[in-house]
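Data first, discussion second: the structure below is written as structure tokens.
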Amino acid sequence: MPPTLTPLFQHAPSPLVELESPTLQRAGVRLLIKRDELLSIGPGRALCGNKWRKLQYNLQAAREEGQNTLLTFGGAYSNHVAAVAAAGAEFGFQTIGIIRGERPEGLNPTLRFAESCRMGLQFISRKAFKEKEDPEFLSRLRKQFGSFYLLPEGGTNALAIYGCRHIVEEVERQAEALPGYWCCSLGTGGTFAGIADALNGRAKALGFSALKSDFLEREVGRLLTAPLLSPRRGEGTANGAEGSWEINTDFHFGGYAKFTPYLIDFINGFRQQHGIALDPIYTGKLFYGLFQLIEEGYFPRGSTILAVHTGGLQGIEGFNERFGELVEVK
Ligand SMILES: Cc1ncc(COP(=O)(O)O)c(C=O)c1O
């Protein structure tokens, strides 16, 4: 039985806006943005975007199981770690973040925020971090911390993918017609899988990989067979319809968290022109790639494109601290 959300874990729909730009006019396409970054639950601005969609059902499941503690994993700048910390503060869970690498002398803004939400941080070596799914490793963590609800790195599990289906369901209620193309950024692929599943071949899902990877295609195919999703998935061409989803790997800028001056200029220009902030790790690369494809004529004239702003803006402060105030925030 698919779960239903209790009102505690529901929220008002995020805005759906149409972008105006000469590039879009020239190409004869419309671009709608699902502004999930504007969802802001709890302290700070970490619990928003796809992080909230992925956590909603998990938080409810943790509550139903009577778990008081959420434990998760991530890198030092992880949007997911920050979101779990905020969720703990907002919904009354204790939280533990197992962080990859040595504890630095001074914490970066993401981890400072996590600590301000009372998340307990434990730093482990990169080698140990690789074992994070190993049952023995997890049982050692249970001995150390007691019982907890486990959220995987990046937050992708069956309930998370199921939660991301709501992005499509909300847009269907907000837009006058179903957009023909649905674009979002990929890390683990969970958000994209939820969107592709809900579309079920009715429109094309176009993912933009934020990392250099040749495994995401396979991974999304696997995720589409997750419990709670339609049992038809996993027939090779996920969600049944040939060509109904595709992952573009041309705009990762050299890999995860890598960037060039072109990307930074695009992000700053986009903010100046449209008043919409993008992060340099995920959404900046998505919109850069999307505009490039629009200019190249990838989308037929008359198309309506939907892009999901998945958030990630909490990471800008840490990025700027590390690389020197590149992304404009005012
Ligand atoms: C802001 C943002 N957008 C997109 C993604 C990609 O989502 P997923 O891991 O579900 O592919 C992430 C996290 O990984 C993220 O933090």
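The values are calculated or read from the model by the stated rules, or taken from the named source; none is laboratory data. Keep in mind it's a predicted model, so treat the numbers as computed, not measured. A quick note on method: Cβ atoms are made from the backbone with ideal geometry, for glycine too, and the neighbour counts reach across all protein chains shown.
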**Request:** Can you tell me which residue within the range 212-231, out of those that are outside any helix (DSSP H, G or I) and within 14 Å of the ligand (Cβ to nearest atom), is surrounded by the most Cβ atoms within 10 Å (Cβ to Cβ)?
**Result:** Leu224
**Those helices (runs of 4 or more DSSP H) lying entirely in the range 242-330 with at least 2 residues touching a residue at least 12 places away in the same chain (Cβ under 8 Å) and either farther than 25 Å from Gly180 by Cα or not assigned by TED's automatic domain parsing to the domain that holds Thr191 (or both)** = 261-274, 315-323
**Message:** For the range 127-211, give me every one of the strands (runs of 3 or more DSSP E) that falls completely inside it and has 2 or more residues that are assigned by TED's automatic domain parsing to the domain that holds Ala76.
**Reply:** 149-151
**Request:** For the range 68-85, name all the residues that are closer than 20 Å to Gln144 by Cα and of a type in the set (A, V, I, L, M, F, W, C).
**Result:** Leu70, Leu71, Phe73, Val81, Val84, Ala85
**Asked** Got a sec? Which of Gly120, Gly49, Gly101, Gly88 is more than 15 Å from the chain's Cα centre (by Cα) and within 27 Å of Ile167 (Cβ to Cβ)?
**Response** Gly88
**Asked** Any residue in the range 86-106 that is of a type in the set (Ser, Thr, Tyr), buried (at least 18 other Cβ atoms within 10 Å of the Cβ) and in contact (Cβ under 8 Å) with a residue 60 or more places away in the chain?
**Response** no
